[in-house]
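Asker: Before I ask anything, here is the structure I am working with.
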Amino acid sequence: MQVLEAHGKSSRRGLVLLVGLAVVLVAGVVGGLALTSGHSTPPGKKAGGTTPPPSHHVTPFTMVSSSPAAGATNVASNADISLTFSTPVTLGSVVPTLAPAVAGTWEQPSPTTLQYALAAPLIPSQTEVVTIPGGSTGVKGKNGSRLASPGTLQFTVATGDTLRLQQLLAGLDYLPLSFSASGAAAAPKDAAIAQPGTFAWRWSTLPAELTSLWTQGSEDEITKAAVMAFEHNNALTVDGLAGPAVWTALLSAVTQQKTNPNPWVYVLVSKTLPQTLTLYNNGAPQYTNILVNTGAPGADTEDGTFAVFEHVQSSEMKGTNPDGSKYDDPNVPWASYFNGGDALHGFPRAHYGYPQSNGCVEMAIANAATLWPLTPIGTLVTVMGPSSGAGPTTTTTTAPPATTVPPPPATTTPPPPTTTVPPAL
């Protein structure tokens with residue numbers, strides 16, 4: 001009995017152990033379901049109850065947009081330049097640069113934007129390049145990051161406004177007109193933008209052959225000649241076109257009030273017999289009734305208004321006569337070329353006042369020497385009248401000898417031409 005009793009107790013203890021084990025196993029299974037259902041320790045939570053700091057995604061520091069946009073054309077000359085970045089940017093000692101340089105300062109109108117406030121206009125027709133420094137010494141973000149590498153932004157400024165070009169040239173005495181601005185003074189960055197105001201002829205004595213050519217706000221021969229005179233006086237290529245170099249020099253001249261050092265001169269050639277030349281100096285007909293020869297039949301001097309583009313004391317002229325013969329005149333004195341091979345110049349003839357030349361406007365050498373200093377590059381020359389008729393039967397067609405070329409004009413005012421009738425002043 002005792003043995004059996006002992007065995008029974010042992011069996012009961014075994015049963016208890018089995019039941020306990022089953023409970024543990026069931027608890028383990030239930031615990032596993034709770035973990036997958038989110039009731040266990042959160043992800044990232046370490047054993048022992050400590051939680052690591054959350055990780056942060058750092059936005060790369062980049063330039064995301066610009067105004068003007070890269071590659072933009074026809075940009076206004078007074079347009080501010082702005083650069084927008086992906087995160088707040090620091091306006092420090094490292095800033096973008098402009099080439100060509102334009103006066104102005106970098107400002108920060110918003111946390112992510114840098115803006116270049118112009119203190120002078122962008123140059124018309126100029127291609128501007130903005131360079132944004134990058135790398136370890138580049139533009140810096142507020143979070144300490146820098147641009148990975150340098151970047152560039154390129155855009156082209158709009159063509160210069162013709163009306164504003166005329167206003168500036170008038171203000172510097174390169175036009176026979178003056179310009180008076182009205183209203184408040186323009187901001188420096190608006191210097192290349194047309195301003196309200198009025199033009200007026202500087203002299204009331206100018207002939208209609210000239211004044212009829214003027215067109216406000218549009219390209220005309222008067223404006224082209226003024227540009228050529230300005231180019232010549234400022235050592236620029238003379239082409240009569242107001243490109244970036246002209247606008248740069250012109251805006252600088254306005255700032256310095258560097259006016260035209262020469263008088264404003266106009267030459268009017270009449271082909272009506274007897275053919276004559278009149279030279280207006282600052283509006284006054286300084287030299288009149290100068291006898292000249294224009295082109296013979298078959299080589300008629302073209303009517304129109306042209307600007308002097310070459311101005312030389314002595315010139316070799318050669319070509320073909322209307323009859324097919326060749327000519328070569330190596331020492332033609334006091335030449336001011338105004339239309340292709342046509343020039344004002346001196347040439348010895350038995351008579352003047354008739355069509356005898358090969359297209360040029362010839363005059364006595366003494367007269368040419370007197371007029372030449374007054375007809376530099378940019379001088380307007382108008383030729384008008386009937387086509388060539390028959391000239392006198394006795395003419396001289398040989399080239400003048402080299403000894404007939406007079407020395408350069410003295411610094412004093414030369415005597416008036418022998419055929420001049422001075423106007424009453």
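The values are calculated or read from the model by the stated rules, or taken from the named source; none is laboratory data. Given the structure is predicted, the values throughout are model-derived calculations rather than measurements. Don't worry about glycine lacking a Cβ; one is built from the backbone with ideal geometry, like all the others, and counts go over all protein chains shown. These area figures cover heavy atoms from the full protein model, side chains too; ligands, DNA and RNA do not enter into them. Shrake-Rupley method; radii C 1.70, N 1.55, O 1.52, S 1.80 Å.
Asker: Return the sequence-ordered ³J(HN,Hα) values of segment 192-209 in whole Hz as given by the Karplus equation 6.51 cos²θ - 1.76 cosθ + 1.60 applied to θ = phi - 60°, using x for Gly and Pro.
Answerer: Result, rounded to whole Hz: 9, 9, 4, 10, x, x, 9, 9, 8, 5, 6, 9, 8, 8, 6, x, 5, 4.
Asker: Could you report the accessible area of MET63 in Å², rounded to 10, computed with a 1.4 Å probe on the protein chains as they sit in the structure?
Answerer: Per-residue accessible area (MET63): approximately 70 Å².
Asker: Separate question: Which length gain, in nm to one decimal place, applies between ASN331 and SER178 when the Cα-Cα distance is subtracted from 0.36 nm times their residue separation? If you can, show how the numbers build up before the last one.
Answerer: Working: separation 153, 0.36 × 153 = 55.08 nm, distance 4.01 nm.
So the chain would gain 51.1 nm between ASN331 and SER178.
Asker: Here is a further query. List residues of segment 86-103, by number, whose backbone nitrogen lies under 14 Å from a label position 7 Å along Cα→C-beta of VAL64.
Answerer: Only 86-89 fall inside the zone, counting backbone N under 14 Å.
Asker: HN-Hα J couplings of segment 292-306 from phi, Karplus 6.51/-1.76/1.60, θ = phi - 60°, integer Hz, Gly and Pro as x?
Answerer: Values, residue by residue: 9, 10, 9, x, 6, x, x, 9, 4, 6, 5, 6, x, 10, 9 Hz.
Asker: So for the pair THR237, LEU213, with labels modelled 7 Å out along Cα→Cβ, what separation do we get in nm?
Answerer: Rounded to a tenth, the inter-label distance reads 2.4 nm.
Asker: Amide H to amide H, which residues 5 or more places from SER314 or on other chains are under 5 Å from it, using H placed in the peptide plane?
Answerer: TRP334, ALA335
Asker: Find, among the trypsin sites (Lys or Arg not before Pro) in segment 89-191, those assigned to loop by DSSP (not H, G, I, E, B) with at most 13 other beta-carbon atoms within 10 angstrom.
Answerer: Here the trypsin sites (Lys or Arg not before Pro) that fit, given the DSSP loop and packing criteria, are LYS142.
Asker: Can I ask one more? Using a 1.4 Å probe and ignoring any ligands, DNA or RNA, find the accessible area of THR248 and quote it in Å² to the nearest 10.
Answerer: Accessible surface of THR248 is approximately 70 Å².
Asker: Let me ask you something else. Using a Förster distance of 41 angstrom, determine the FRET efficiency expected from the C-beta separation of ALA103 and ASN281, and round it to 0.05.
Answerer: Working: r = 38 Å, r/R0 = 0.94.
The pair ALA103/ASN281 has a calculated efficiency of 0.60.
Asker: On to the next question. Taking segment 185-225, which chymotrypsin sites (Phe, Trp or Tyr not before Pro) meet the DSSP loop condition and have no more than 16 other C-beta atoms within 10 Å?
Answerer: Working: sites: PHE199, TRP201, TRP203, TRP214; in loops: TRP203, TRP214.
Taking segment 185-225 and a limit of 16 other Cβ atoms within 10 Å, the loop chymotrypsin sites (Phe, Trp or Tyr not before Pro) found are TRP203.
Asker: Return a whole-number percent for the relative contact order of segment 84-160, with Cα pairs under 8 Å and 6 or more residues apart as the contact set.
Answerer: Numbers: 152 pairs, mean separation 25.0, N = 77.
The value is 33 percent.
Asker: For each pair in LYS224/LYS318; LYS140/LYS189; LYS189/LYS258, compute the distance between the two Cα atoms and list the pairs where it is over 25 Å. Mind showing how you got there, number by number?
Answerer: Details: LYS224/LYS318 28 Å; LYS140/LYS189 28 Å; LYS189/LYS258 20 Å.
Check vs 25 Å cut-off fails for LYS224/LYS318; LYS140/LYS189.
Asker: How much accessible surface does VAL130 have with a 1.4 Å probe, in Å² rounded to 10?
Answerer: Counting only protein heavy atoms, VAL130 exposes about 0 Å² to solvent.
Asker: Could you work out, for segment 263-314, what percent of all Cα-Cα pairs fall into each 5 Å distance bin, beginning at 0 Å and stopping at the bin that holds the largest distance?
Answerer: Values per bin, smallest distances first: 5, 16, 21, 26, 22, 7, 2, 0.
Asker: Using the Karplus curve 6.51 cos²θ - 1.76 cosθ + 1.60 with θ = phi - 60°, what ³J(HN,Hα) values do you get for each residue of segment 149-163, in whole Hz, with x for Gly and Pro?
Answerer: 8, x, x, 10, 10, 10, 8, 10, 7, 4, 4, x, 6, 5, 4
Asker: Another one. Sequence-distant or interchain residues sharing an amide H contact under 5 Å with THR159, placed H: which?
Answerer: It is SER125, by chain and number.
Asker: Any idea how far apart ALA185 and TRP203 come out in nm if each label point goes 7 Å out from Cα toward Cβ?
Answerer: Using points 7 Å along Cα→Cβ, the separation is 3.2 nm.
Asker: Something else: Say a paramagnetic label sat at a point 7 Å from the Cα of ASP220, along Cα to Cβ; which residues of segment 349-380 have their backbone N under 17 Å from it?
Answerer: 379-380
Asker: What FRET efficiency, computed as 1/(1 + (r/R0)^6) with R0 = 60 Å and r the Cβ-Cβ distance, is obtained for ALA158 and ALA350, rounded to the nearest 0.05?
Answerer: Details: r = 57 Å, r/R0 = 0.96.
Taking R0 as 60 Å, the efficiency between ALA158 and ALA350 is 0.55.
Asker: Next question. Under a 1.4 Å probe, what is the accessible area of segment 210-284 per residue, stated in Å²?
Answerer: Per-residue value: 43 Å².
Asker: Going by Cα centres, segment 350-382 and segment 154-186 are how many Å apart?
Answerer: 33
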